Number of protein chains: 2
Amino acid sequence: MTKVLLVDDHAIMIDGLKSMLSTRTDLRVSATASSAGFALAYLAKDHIDLMITDYSMPDIDGLELVKRAKSQFPDLKIIMLSMHDEPAIINAVMKAGLDAYILKKYALEELSHAIDAIQAGRQYWSPEVTRVLLHEEKSSGLHANELTSREIEILKLLTQELNSRQIAEKLFISERTVETHRKNLLRKTQCATTIGLIKYAYLHKLI
Amino acid sequence: MTKVLLVDDHAIMIDGLKSMLSTRTDLRVSATASSAGFALAYLAKDHIDLMITDYSMPDIDGLELVKRAKSQFPDLKIIMLSMHDEPAIINAVMKAGLDAYILKKYALEELSHAIDAIQAGRQYWSPEVTRVLLHEEKSSGLHANELTSREIEILKLLTQELNSRQIAEKLFISERTVETHRKNLLRKTQCATTIGLIKYAYLHKLI
DNA sequence: ATGGATATCAGTAGAAATACGGATATATCA
DNA sequence: TGATATATCCGTATTTCTACTGATATCCAT
């Protein structure tokens, strides 16, 4: 029996997921959490096999949640539901060790397939997601250099009006390192100033 | 019997809403639509009393949908579910004649109350929404002063990644003047850095 | 006509960002 | 193994932005 933790700050989504999963006899929803923090707390006190989580969360975002959860519980399987079809986001969470990424608009059709795949020890990538990623690789002739997950992390903190010193403190790294990341962000996105980075973040739905 | 149209591009949300509304005997879900366009098309061919719609849509956003729907069908009641708690957005849809605005995270608790209110001929504003709006009105005492057209002009040039010197050259004014305008922009929008100004510009659709 | 907002300009100082130049360690991949 | 990418760090210099202090002139409304 697969023990499942549902994570979403919208109770109605939790409800929808619950009723959807109730048709399966091979798993049981052990708990639900309305934030990434609550999810991590629950994982620490009870064994969970599969976490199904939203990307957008009130406290920390899905990328950070996957990173923390996977580092603490390497055997935990994670399925992410998200409304973002941006390659930058999908790439970042993929690299963080996510097992399945499903666009919310296809959740109803694909979630069960994803669970089947994961229970069989495989990853699941929805057609739409792979299409997006393939398309990205094609069009990546222009901006061949994808942003790394660390760079995306820095960029997100920048959009929160933090300066380099504050970001350095937050991430426990040197201010110099933050400056290097910023320099590389400017180079990769071909932006002249931080302002351009913020626009890039909006364009790629990192905000 | 209230005839309801559900609009959301995420099938699982539609599912959740349906199962939630199934407990009520005073209404019936007549149809569902996965985009604003489909919703408007359906409204034209069948009488609907109440539309429950998401704000974020693939084609046009919730604001535009409310405007069009209300202008074509003035008697139609509309409840909006949204993840955005931005005063600018809430204010805009309110002015467009929306009957209820509910944050998705509280949809489960509040949707039924909203329906009750609307069937009783009233509007429904959730506590969270009114809190946001009140806060906005309070803080709008501070920046009761809208941005001047000159300031907006400067802000737009800022979003184009121009620095103060370049803006000064472009407008044939002193760099000092540009800096004064920037200072006033920061003060009026209560932003700490230029990054905040860019976000302000996005929020207020100056970009 | 006095106060307030607007738009213009200035000096000085310091904080922050950017531009250069590097470096090291690790991991992945051909 | 060698090349590449990533993530980390450092010094120096310059540019840009922000903070603080002013100023003048116009316009508008009470």
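Every number here is computed from the coordinates shown, using simple stated rules; none is lab data. Nothing here was measured: the structure is a model prediction, and the numbers come from that model. Neighbour counts are summed over all protein chains in view; Cβ atoms, including those assigned to glycine, are modelled from backbone coordinates with ideal geometry.
Averaged over the residues of peptide A:190-199, the number of Cβ atoms from other protein chains lying within 10 Å of each residue's Cβ is 5.
Counting Lys and Arg as +1 and Asp and Glu as -1 over every other residue whose Cβ lies under 13 Å from the Cβ of residue A:22, the net charge comes to 0. In this structure the amide hydrogen of residue B:33, modeled in the peptide plane, comes within under 5 Å of the amide hydrogens of B:6, B:7, B:8, none closer than 5 places in sequence on its chain. Take residue B:150, push a point 7 Å out from Cα through the beta-carbon direction, and compare it with the same point in every other copy: 4.6 nm, smallest first.
The residue list A:40, A:185, A:4 was ranked by how far each Cα lies along the charge dipole of chain A toward its positive end, using unit charges on Cβ atoms, and A:185 comes out on top. Label-point spacing at residue A:44 relative to the other copies reads 5.6 nm, in ascending order, each point sitting 7 Å out from Cα along Cα→Cβ. The fraction of all Cα pairs in the protein assembly as shown landing in successive 20 Å bins from 0 to the largest distance is 23, 53, 23, 1, given as whole percents.
Counting Cβ atoms of other protein chains within 10 Å of each Cβ in B:154-165 and taking the mean gives 2.
Inter-chain Cβ neighbour count for B:14-21, averaged per residue, equals 5 (cutoff 10 Å, partner chain atoms only). Apply 1/(1 + (r/R0)^6) to the Cβ-Cβ distance of residue B:18 and residue A:207, taking R0 = 41 Å, and write down the FRET efficiency to the nearest 0.05. Once the sixth-power term is evaluated, E becomes 0.85. Taking amide H as placed 1.01 Å from N in the peptide plane, residue A:60 has its amide H under 5 Å from the amide H of A:36, A:37, each at least 5 places away in sequence or on another chain.
With the highest mean first, a sort of the peptides B:156-163, A:77-84 on other beta-carbon atoms found within 10 angstrom per residue produces A:77-84, B:156-163.
Annotation: amide H of residue B:24 has no partner in the under-5 Å range at sequence separation 5 or more or interchain, hydrogens built in the peptide plane. As a length-normalised measure over Cα pairs under 8 Å and 6 or more apart, the relative contact order of chain A settles at 14 percent. Quick check: Cα centre of segment B:143-207 to Cα centre of segment B:4-53, how many Å? Here the answer is 43 Å between Cα centres. Residue by residue, segment B:75-82 carries 3J(HN,Hα) couplings of 8, 5, 8, 10, 10, 10, 9, 8 Hz when phi is fed to the Karplus relation 6.51 cos²θ - 1.76 cosθ + 1.60 (θ = phi - 60°); x denotes Gly or Pro.
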